[in-house]
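Shown next, in structure tokens, is the structure this report addresses.
What follows is calculated from the coordinates using simple rules that are stated; it is not laboratory data. This is a predicted model, so every value here is computed, not measured. Glycine gets a Cβ as well: all are built from the backbone with ideal geometry, and neighbour counts include every protein chain shown.
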Amino acid sequence: MNMTRRQFLENCAKVSSMVFGSCVFTNEIAEGFTRLSESKRPQLIFIQSQCCTGCSISATYGNEEDFINFISNIVRLQVHPNLSFSQGTDYMRSIIEVSNSGPFYLVCEGSVPARMKEACIFNDEPMYDYLHKLMKKAAAVVASGTCACYGGIPASNQNVTGAIPIDEYMRRMKVNKPLIKIPGCPINPDRLLGTVAYIVATGKIPELVKGVPKKYYPDLIHNQCGRYQAFNQGHYTKNFETEKLNCLLKNGCRGPVTYSDCPTRRWNGKVSVCIESNAPCIGCIHQEFPFRTALYLEEESFKDLTWSEMKKQMEK
Ligand code: FSX
Ligand code: SF4
């Protein structure tokens, strides 16, 4: 895709605000992309283990224009299970060709079944036995979504398949590559596209806290919430029909234990965010998601608890 200089700088400003929340780094991003000639745009492979595909749907549909810009100007998206026309052996051939042709970044979605290995088969081979070979050729690995980062829904309850997250899998298979985790069920497109764009443009890994980019998960949702005043004043929602601005704590909101910039980054092209739509935060970014207790905690489960006991209850 050919771009005018103005379009190029507009795109750099978009990436800058996506990654940093402001346009102040537009020049740095522009320099990075200028260094990358068309032929050097890094290759990207997506691969999916146990997941619902929601993360890819979120990345591609969340803000379609950003995704098209991302695959047209920032990376060369070579293989994606939902976007590739090829199937079966042709699809496998594309993965082999790309992975042998030079450096690539690997985006892993989903957790890996370590006990019931046949739960996820790839090219007639359990994903558990195949994935590490691909990882060892990658420049860096991005774990996209809560399943890939922490096990998520496939690892919940009795975890019959023995699903493990990508970091645990890499440890077991002795894969020593940089790993960046982007939790969320599903991921917010900004966080995935922004992280990869940052690595591509600067050649650096963003600042991480417990493996996740600090920029996207800086503080508890509760501390940034638009309903914090209602919480302070003890105005809690009892009737969803008539009360649309009250605190959702007693409806099971997990904002007090979940680190994310959701309140400011927002979703669906910045249209809204769960709490603003009057839905309690379900903590989909939390390490324990989907939790052993009910997804929406009842007011009863908080009865007579102190604030710190309540928070412990939310993390179970
Ligand atoms: Fe898991 Fe993502 Fe939730 Fe689904 O890739 S984080 S179930 S939205 O698809 O893995
Ligand atoms: Fe905190 Fe949730 Fe209430 Fe917001 S709605 S103030 S995140 S408990």
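Side notes on the structure shown:
- Summarised as an ellipsoid, the range 185-224 has semi-axes of 20, 13, 8 Å, derived from the eigenvalues of the Cα gyration tensor scaled by 5 and square-rooted, with the largest first.
- The protection proxy used here, the mean number of other Cβ atoms lying within 10 Å of each residue, ranks peptides 123-130, 305-312 as follows, highest first: 123-130, 305-312.
- Ranked by the mean number of other Cβ atoms within 10 Å per residue, highest first, peptides 259-266, 187-194 order as 187-194, 259-266.
- Percent of beta bridges antiparallel (DSSP, the chain, rounded to nearest 5): 30 percent
- Cα gyration tensor shape for the chain, rounded if a/c is under 1.5, else prolate or oblate: oblate
- Förster radius 30 Å - calculated FRET efficiency between M173 and K204, Cβ distance, rounded to 0.05: 0.70
- When you count the other C-beta atoms within 10 angstrom of each residue and take the mean per peptide, 105-118, 215-228, 73-86 line up highest first as 105-118, 215-228, 73-86.
- Taking amide H atoms as placed 1.01 Å from N in the peptide plane, the amide H of T258 lies under 5 Å from those of I221, H222, each 5 or more residues away in sequence or on another chain.
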